[in-house]
Amino acid sequence: MATTQEPALFIIFGGTGDLATRKLFPALLQSIVEGLLDERTRLVGVGRATKTDDAFRGDIRAAPLPADR
């Protein structure tokens with residue numbers, strides 16, 4: 001049951017960690033694919049690891065896709 005939603009902003013504490021990479025990012029992607037979240041939804045990751053924006057985006061791109069789980 002897909003519905004169109006308004007854009008959202010997610011702030012993920014621990015965004016550089018293993019849980020975010022293995023579970024949260026793939027779940028958010030799947031929600032966008034299924035139409036549960038607007039594709040204009042934005043994500044802010046906060047973590048203890050020092051990373052550039054590009055490095056953080058690379059980690060998200062390297063996260064397992066929902067079908068890979």
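In sequence order, the stretch 49-64 has phi-based couplings of 6, 7, 9, 6, 4, 5, 5, 5, 4, x, 4, 5, 5, 7, 5, x Hz under the Karplus curve 6.51 cos²θ - 1.76 cosθ + 1.60, θ = phi - 60°, and Gly or Pro positions carry x. For the residues T52, T41, T21, a GNM of the chain with alpha-carbon springs under 10 Å puts the largest fluctuation on T52.
Give me the net charge for the shell around D59: Cβ to Cβ below 13 angstrom, other residues only, Lys and Arg +1, Asp and Glu -1.
+1
For the chain, with all protein chains present and a 1.4 Å probe, just round the carbon and sulfur fraction of the accessible area to a whole percent. For the chain, the apolar C and S fraction of the accessible surface comes to 56 percent.
A 1.4 Å probe run over the protein chains yields, for the stretch 1-59, 73 Å² of accessible area per residue, whole-number rounding.
Net charge of the neighbourhood of T16, taken over other residues with C-beta under 15 Å away and scored Lys/Arg +1, Asp/Glu -1, is +2. Computed from the C-beta positions of T21 and T50 and an R0 of 22 Å, the FRET efficiency is 0.85 to the nearest 0.05. Every helix of 4 or more DSSP H residues in the chain counts as -39500 (n - 2.57), and over all residues that averages to -8000 deg cm²/dmol at 222 nm. In this structure, the amide hydrogen of T41, modeled 1.01 Å from its nitrogen in the peptide plane, lies closer than 5 angstrom to those of A8, counting only residues at least 5 positions away or on a different chain.
The values are calculated or read from the model by the stated rules, or taken from the named source; none is laboratory data. If you're wondering where the values come from, they're calculated on a predicted model, not measured in any experiment. For neighbour counting, all protein chains shown are included, and Cβ atoms are generated from backbone atoms with ideal geometry for every residue, glycine included. In case anyone asks, the SASA skips ligands and DNA or RNA and just uses the protein heavy atoms, side chains included. Shrake-Rupley method; radii C 1.70, N 1.55, O 1.52, S 1.80 Å.
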